Amino acid sequence: MYLPPHDPHVDDPMRFKPLFRVHLMERKSATVECMYGHKGPHNGHIQIVKKDEFSTKCNQTDHHRMSGGRQEEFRTWLREEWGRTLEDIFHEHMQELILMKFIYTSQYDNCLTYRRIYLPPSRPDDLIKPGLFKGTYGSHGLEIVMLSFHGRCARGTKITGDPNIPAGQQTVEIDLRHRIQLPDVENLRNFNELSRLVLEVREQVRQEQQQQQDGEGPAPPQGLLSARGPPGAPAEEGGDPRGGAAAAEQPAQSGQGQPFVLPVGVSSRNEDYPRTCRMCFYGTGLIAGHGFTSPERTPGVFVLFDEDRFGFVWLELKSFSLYSRVQATFRNADAPSPQAFEEMLKNIQSLTS
C-alpha cells in the first residue's frame, strides 16, 4: 500500500507499507501471508475474482489486535497515518474525521478487493504531464488525485477518498478554454476581487452553454479567455484560435511567471506554497456533505505553478488545495489505449455514485 506523506507535507515522498505476500512453491502451489498488524506475517488468502480484480482475506485477524485494545490500536494507527498524537490535534472537527477514518478502515481487517487502475495517457499538447498527485484537503489530510486531460478540459479524479467525497469522483474539473488573468498582488489579496473575476467567467461559461442548448451552435473559438483585470487594467483580447492547452503552451514553456499570493481569508493547510505561477484557469470543484450527500460543483481557480505542482482555490469554501506530483514509478501501469483509460474512469466513478 502506498500512503501519502504526513499532512501537510505534499512534497515529501510516498510511504510504502506491505499488506500481504505470496510464496511460490513447487507444482504451481503457493502460500499467502497477511502482513497487516504488528505481530508479523500470518495466514492469508487471495482469490482471483475476474480479469483485473482480486480479493485478499486474512485468516487470523487476531494478529491485528493489540494488548491495549482499540485505544492502543487507534493511537498506533494515528502515529503511522498522521505522524502525530491525538493531543497534537486541537481542531474538534478534524478529530472527528480522523476517528471516522480509523473506524471505517479498521473494520475490514485487510479483507479487501483490488481493481486495476491505469495511469492517464500523455499527449504532446498537454498542459503538463498527467499522472498522480498528492493534494491537501483541509481536515481530511492528504489525498491522492489523478490528473488527466480530455481535449479542452482537465480532470482530477480522486484515487483515495474521504467521508465527504469518495474515491472515483472528479474532485476538480478545469476548463482549458477559459484562462483567468490574475490581478496584481495587492488586488489579489482581496478575496472579493478574485471572487468577482471567477464569477464573471462562470457567467460567461453559463451563457455559452445556454447558446448551445438553444441550438445556436457553439460559440466561435476565442482561444484562452481571461476575465477583466483590476480597474484600469486593459482586458486581454483574442487569443490563440487553437484554444485549450495548445494556446497555453507558449507562456507555460517560456518560464514567464507571475506573482501569486492567496487572498486574505483563504485557508491553506500548507503555507509553503509557491509564490509565482505560470497561468490560471477557471474550474469547478466537487463538494458534498458526509456520506456524499447533496454533491454540487462550485466555482474555483486552477493555478499552475510548474511541471510538478498545481493548486486549486475553492471559492465557496474559502480554501486552497496544493498538489504535488507523486514521483514513485509504477511498472505496467499505462493504459493499453485512451478508450481503456476512459472506461476505467467510468468504472471507478460508478462504484461510488
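The values are calculated or read from the model by the stated rules, or taken from the named source; none is laboratory data. On a predicted model such as this, the values are computed, not experimentally measured, just so you know. Every residue, glycine among them, receives a Cβ derived from its backbone with ideal geometry; neighbour counts consider all protein chains shown. To get the accessible areas, we keep the full protein, side chains included, count just its heavy atoms, and leave off ligands, DNA and RNA. Shrake-Rupley method; radii C 1.70, N 1.55, O 1.52, S 1.80 Å.
Values computed for the structure shown
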read-out: Share of carbon and sulfur in the accessible heavy-atom surface of the chain [1.4 Å probe, %]; value: 50
read-out: Cys residues of the chain counted as unpaired, since no other Cys beta-carbon is under 4.7 Å; value: 111, 153, 277, 280
read-out: Other-chain or far-sequence residues with amide H under 5 Å of residue 14's (modelled H); value: 327, 328
read-out: Over 31 Å between alpha carbons, listed pairs 57/318; 57/101; 28/346; 17/129; value: 57/318; 28/346
read-out: Percent antiparallel among DSSP beta bridges (both partners in the chain, rounded to 5); value: 95
read-out: Under 17 Å from residue 39, Cα to Cα: aspartates and glutamates that are on another chain or at least 8 residues apart; value: 62, 72, 73, 80, 109
read-out: Relative contact order (%) - criterion: Cα under 8 Å, at least six apart; region: region 141-201; value: 22
read-out: Taking region 9-66 and dividing mean pair separation by its residue count, relative contact order in percent (alpha carbons under 8 Å, at least six apart); value: 24
read-out: Proximal aspartates and glutamates to residue 158, defined as alpha-carbon separation beneath 15 angstrom and excluding residues fewer than eight positions away on the same chain; value: 143, 173, 342
read-out: Ranked by how many other beta carbons lie within 10 Å on average, peptides 135-147, 264-276 from highest; value: 135-147, 264-276
read-out: Relative contact order for the chain, counting Cα pairs under 8 Å that sit 6 or more residues apart, in percent; value: 16
read-out: Measure of compaction for the chain (Cα Rg per 2.2 N^0.38 Å); value: 1.11
read-out: Protection-proxy order for peptides 324-330, 174-180, each taking the mean of Cβ atoms within 10 Å per residue, highest first; value: 174-180, 324-330
read-out: Separation of alpha-carbon centers, region 62-104 and region 124-154, rounded to whole Å; value: 28
read-out: Highest average packing first - 338-344, 50-56, Cβ atoms within 10 Å; value: 338-344, 50-56
read-out: 1.4 Å probe accessible area per residue over region 18-142, in Å²; value: 62
